[in-house]
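Have a look at the structure below, then the notes.
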Amino acid sequence: MTHKPLLATVLGQRQERPPLWIMRQAGRYLPEYREVRTRATNFLELCYTPDLATEVSLQPLRRFDLDAAILFSDILVIPDALGQSVRFEAGEGPVLDPVDAGSIAGLGKEMDPLDHLAPVLETVRRLRAAIAPDKTLIGFCGSPWTVATYMIGGKGSPDQAAARLFALRHPEAFAALLDVLVKTSIDYLVAQLEAGADVVQLFESWALNLDDAAFSSHVIEPNRRIVAGVRARVPNAPIIGFPRGAAGNLARYAQETGVNALGLDYATPLDSARTFSPGLPVQGNLDPLRLVAGGAQMDERIDAIIAAFADRPHIFNLGHGIVPETPIAHVERLVARVKNR
Ligand code: CP3
């Protein structure tokens, strides 16, 4: 099999230069994405149309020398597949009809969520066939807590208060919600791996604002169950965990979930990597706003990140998603610098 530098890094082999992809690399900062986006009546239709989703996944690889393609989809296709109403409204982000203690038991009962997600799996198969053999194909899902914050709150929120309170007031319904998300996520990730994904990433974008007990039950335990559940069906499946904002709980996340590689947000101090398991592959962690501003500050920080992780397997990435204001010339400069060209 052709050497895939990014996959090899997830599996623990340090590379001479870090392989690279860019979180949310297909998106609105690219004019060709905005053009394809106008061809779908709404964002979820884009995710469920393999022709269009395949095209936008490939766009960033045509422009930049990246080491991976990431499936184009969204973390909120799972609530949609479970029968909850999900809409993306311009300028507002996602809007869901919130679940409550009474409606959770009915999730996923109307139809098999994997039938609903079949077009996304078709996109994975097409991407597998389309990308060069040295490129890694990344699949993903949202982690249960992060997805639950949207399902309970009905939208994004700065402090996830609705979901945190729901977990305290309705512990049984909340546990049932995490259970259905764990089960659906395992089925979905196994299906992505079987369709040709090389690696899957768990996006725990809201791993912040939790005390250590809540972090254990809401974040560590569900992520651990997904890793174990996926590996029970796809032995040694390569998995990246990205617990954004985990801060003081980060080392524990790395040790207790069993992920192969740890995604670091940009607030993670570079020298804190010493406290993670020695040799654990890491991914990250440039502040996306450094990429917006560009110039010497960006170059210096790129060099500092590469130097800090020089002694362990490292995948270069941003510490959160690229933002729409990002100039394309800055992305070109980033890629050239990471690749040492
Ligand atoms: O290249 C890629 O990574 C594309 C695939 C992808 C998208 N969303 C496409 C998208 C991935 C991996 C995601 C993950 C995702 N979605 C996360 C986790 C990563 C993170 O940023 O923390 C989260 C929290 C979501 C939920 C979500 N989707 C929000 C909050 C929003 C609105 C805010 C925004 O960025 O617009 C979305 C919409 C969304 N998902 C867009 C894209 C390209 C923009 C919608 C559009 O083009 O109209």
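Things to note:
- FRET efficiency, 1/(1 + (r/R0)^6) with R0 45 Å, evaluated for residue 65 and residue 41 via beta carbons: 0.85
- Calculated FRET efficiency, residue 109 to residue 157, Cβ-Cβ distance, R0 = 25 Å: about 0.35 to the nearest 0.05.
- Among 189-201, 166-178, the order from most to least packed when residues are scored by Cβ within 10 Å on average: 189-201, 166-178
- Set against the 2.2 N^0.38 Å expectation for a compact globular protein, the stretch 218-262 has a Cα radius of gyration ratio of 1.09.
- Mean separation of Cα contacts under 8 Å (6+ apart) over length of the stretch 5-338, as relative contact order %: 22
- Measuring between alpha carbons in the structure, the pairs from 135/155; 4/339; 4/183 lying more than 24 angstrom apart are 135/155; 4/183.
- Beta bridges by DSSP in the chain, antiparallel share as percent, to the nearest 5: 15
- In order through the stretch 333-341: 3J(HN,Hα) via Karplus (6.51 cos²θ - 1.76 cosθ + 1.60), integer Hz, x for Gly, Pro: 5, 4, 4, 4, 5, 5, 7, 6, 10
- The string of couplings for the stretch 220-237 from the Karplus curve (6.51, -1.76, 1.60, θ = phi - 60°) is 4, 4, x, 5, 4, 5, 5, 4, 5, x, 5, 5, 5, 9, 10, x, 6, 3 Hz, one whole number per residue in order, with x for Gly and Pro.
- Projected label points at residue 255 and residue 306, each 7 Å from Cα along the beta carbon direction, are separated by 3.3 nanometres.
- Considering helices alone, the calculated mean residue ellipticity of the chain at 222 nm is -13000 deg cm²/dmol, with DSSP H runs of length four and up weighted by -39500 (n - 2.57) and normalised per residue.
- For the listed peptides 61-68, 76-83, 29-36, a ranking on the average number of other beta carbons within 10 Å per residue, highest first, reads 76-83, 61-68, 29-36.
The numbers here are math on the coordinates, done by the rules we state, and not lab data. Being a predicted model, the structure only gives us computed values, none of them experimental. Cβ atoms come from the backbone with ideal geometry, glycine included; neighbour counts cover every protein chain shown.
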